[in-house]
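Chemist: I'd like to ask some things about the structure below.
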Amino acid sequence: MPDIPWSVPTPAEPGAEAHVMASRFETATLTGAIRFLLKAPGIVRQMRKAPGAHGVALRARLLQRTFLTLSAWEDRDALYRFARSEPHRTSARAAGAYMRESVFVHWTAPAAELPITWAEAERRLAEQQAGR
């Protein structure tokens, strides 16, 4: 699966701050990676319709069993409302059975700096993982 490039469901207001989240998921097996991959397009579609979503992207590395997500939100509450909604909620719970490791990092950025680069997201994820 190719990467799903950054898309903007709802543009942020000029001068606004965005709540950004990057995540890294590693599955324990290739079968788990395939299961994750099959769910990913539906979750990305859900994010594109979620209230308060200012951007979303996915980087899939199937053979390494690794997936990166990058999203920007109106605020942390918008992100958490999305995370608790279906089908994300059920998919996230089910994924726990085949995940090896998950890392999440949150920060704020001026909306004018969106989209965040993958290099920035990966740098922050590496720092978060090293700080564990």
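Chemist: Among (1) in contact (Cβ under 8 Å) with a residue 12 or more places away in the chain; (2) within 11 Å of the chain's Cα centre (by Cα); (3) closer than 19 Å to residue 105 by Cα, which single condition is residue 76 missing?
Modeler: Evaluating residue 76 over (1) in contact (Cβ under 8 Å) with a residue 12 or more places away in the chain; (2) within 11 Å of the chain's Cα centre (by Cα); (3) closer than 19 Å to residue 105 by Cα leaves (2) as the failure.
Chemist: If I ask for residues that are under 15 Å from the mean Cα position of the chain (by Cα), open to solvent by 60 Å² or more (accessible area, probe 1.4 Å) and hydrophobic (A, V, I, L, M, F, W, C), which ones from the stretch 118-131 would you list?
Modeler: 119, the sole residue that qualifies.
Chemist: Is it the case, given these coordinates, that residue 29 is modelled with pLDDT of 95 or more, hydroxyl-bearing (Ser, Thr, Tyr) and more than 15 Å from the chain's Cα centre (by Cα)?
Modeler: yes
Chemist: Among the residues in the stretch 34-56, are any in a strand (DSSP E or B) and of a type in the set (D, E, K, R)?
Modeler: No, the stretch 34-56 has no match at all.
Chemist: Also: Cβ-Cβ distance below 9 Å, separation of 6 or more or different chains: which pairs start in the stretch 13-42 with a residue that is open to solvent by less than 20 Å² (accessible area, probe 1.4 Å) and end on one that is assigned to a loop (DSSP other than H, G, I, E, B) and aromatic (Phe, Trp, Tyr)?
Modeler: Within 9 Å, the pairs are 27/98; 32/98; 33/98.
Chemist: Which of the residues that make up the stretch 95-117 are open to solvent by less than 50 Å² (accessible area, probe 1.4 Å) and in a helix (DSSP H, G or I)?
Modeler: Of everything in the stretch 95-117, those that are open to solvent by less than 50 Å² (accessible area, probe 1.4 Å) and in a helix (DSSP H, G or I) turn out to be 95, 111.
Chemist: Is at least one residue of the stretch 66-75 surrounded by 14 or more Cβ atoms within 10 Å (Cβ to Cβ), closer than 18 Å to residue 128 by Cβ, among the hydroxyl-bearing types (Ser, Thr, Tyr) and in contact with a Ser or Thr (Cβ under 7 Å, 6 or more places away or on another chain)?
Modeler: yes
Chemist: If I ask for residues that are small (Gly, Ala, Ser), open to solvent by 20 Å² or more (accessible area, probe 1.4 Å) and assigned to a helix (DSSP H, G or I), which ones from the stretch 76-90 would you list?
Modeler: Hit for the stretch 76-90 is 83, nothing else.
Chemist: Test each condition in (1) modelled with pLDDT under 95; (2) of a type in the set (A, V, I, L, M, F, W, C); (3) outside any helix (DSSP H, G or I) for residue 21 and report the one that comes out false.
Modeler: So residue 21 meets the others, but not (1).
The values are calculated or read from the model by the stated rules, or taken from the named source; none is laboratory data. Keep in mind the model is a prediction, meaning the values are calculated, not measured. Reconstructed Cβ throughout: ideal geometry from the backbone, glycine too, with neighbour counts over all protein chains shown. To get the accessible areas, we keep the full protein, side chains included, count just its heavy atoms, and leave off ligands, DNA and RNA. Shrake-Rupley method; radii C 1.70, N 1.55, O 1.52, S 1.80 Å.
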